[in-house]
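Data first, discussion second: the structure below is written as structure tokens.
The values are calculated or read from the model by the stated rules, or taken from the named source; none is laboratory data. As the structure is a computational prediction, the values presented were derived from the model and not from experiment. Cβ coordinates were reconstructed from backbone atoms using ideal geometry, including for glycine residues, and neighbour counts include every protein chain displayed. For the accessible areas, the whole protein counts, side chains as well, though only heavy atoms, and no ligand, DNA or RNA atoms are used. Shrake-Rupley method; radii C 1.70, N 1.55, O 1.52, S 1.80 Å.
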Amino acid sequence: MRMNPGSERLQGRKKGVQETVNMSATPKEENSSSSDVEVTNAELGLAENHFSFPEGHFGLSTVEELEMAIDHCKQIILEAQEMSDRRKSLVRKLVNLRLKLQEVKEVPETLPEDIHMVLGHYLEKKQVDRPKAKRFCEKCGGNIWGVLTAWYECQQCSYSCHVKCLVFLNRVCASVKVKENPSFITNICPEVGLSVQNYRCTECRTLILHQANYAEPRLCDYNGLYYCTLCHWNCMAVIPARVLHNWDFEPQKVSRSSKEFLQLMKRKAVLNVQAINPMLFSYVEELVLVKVK
């Protein structure tokens, strides 16, 4: 009986993954050296571009293929010698494969027709409606008249823009920054000065000066950088560094990009208060109650 094309492709994928993992299952000497670990990395398909793929990337893209690769990697780990460098390396690859699987599940392989991907933004086209509050384009700063025309909104960071401004975007989605470096700046407003920025906006490179006929420089209290009025709307946000060092929850003015980043990072447990400012436990009673001994 002839198999259908879909089953043939699936069998081919399984065979390819099995061969790839079997290559890494070749017996090695019990005393693994650093060179053995390097060979294991190569056999497991370590990607040189760490910004495109996590370490241990197999070149697989579908959820089905990644799940098969994870199962085979588990088998190799069980066969490897305990406490060996080879086994430790395989465990790291297994973790990275699971992270890749989670990333693939979060993002659909094929985007719907009404969604455009630009600089990490997943921009969904919104139809004409009557908005509950005023909405502004984050590229040109103009009003978005929802009752008259459609617009785009990012599913990840809520970035909004006109249809006509879609091709001119220059701000990377905050979700990309969160994935690449999920950590906070722990220095209070690390200002560097306008001269270091060549008197230009950090984001759009517009000339900014404290003079007439020039765009007004606005300081972001989170990262200490200056922005123009189109990239900094005087939005308010609680600054993690001020909370860590001074237990100060007073909102400060931040740029739009910092506002979006802080919003996405709000529920991520990435700060170690004990390591950054252990003295805080001596002054804040509430922290003593939740401190892990």
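Condition check for LYS177 on (1) modelled with pLDDT under 90; (2) open to solvent by 70 Å² or more (accessible area, probe 1.4 Å); (3) under 20 Å from GLU260 (Cβ atoms): one failure, at (1). The residue that is nearest to the chain's Cα centre (by Cα), counting only those in the stretch 137-174 that are touching a residue at least 60 places away in the same chain (Cβ under 8 Å) and exposed (fewer than 15 other Cβ atoms within 10 Å of the Cβ), is SER158. When SER183, SER175 are checked against the criterion of being polar (S, T, N, Q), within 28 Å of PRO240 (Cβ to Cβ) and outside any loop (DSSP other than H, G, I, E, B), SER175 stands alone in meeting it. For the stretch 256-293, a residue qualifies if it is more than 30 Å from ARG135 (Cβ to Cβ), in a helix (DSSP H, G or I) and at pLDDT 85 or above, and the qualifying residues are VAL273, GLN274, ALA275, ILE276, LEU280, PHE281, SER282, TYR283. If we keep just the residues of the stretch 84-100 that are under 15 Å from LYS179 (Cα atoms) and open to solvent by 80 Å² or more (accessible area, probe 1.4 Å), which is modelled with the highest pLDDT? The qualifying residue modelled with the highest pLDDT is ARG98. Taking (1) surrounded by 13 or more Cβ atoms within 10 Å (Cβ to Cβ); (2) at pLDDT 80 or above; (3) of a type outside the set (Gly, Ala, Ser) in turn, GLU103 satisfies each apart from (2). Would you confirm whether any residue within the stretch 38-47 is in a helix (DSSP H, G or I), among the hydroxyl-bearing types (Ser, Thr, Tyr) and at pLDDT below 80? Yes, that holds for at least one residue. A search for C-beta distances below 6 Å between a residue of the stretch 182-196 that is in contact (Cβ under 8 Å) with a residue 24 or more places away in the chain and any residue that is among the charged types (D, E, K, R) and assigned to a loop (DSSP other than H, G, I, E, B), counting only pairs 6+ apart in sequence or on different chains, returns PRO182/LYS268; CYS189/ASP221.
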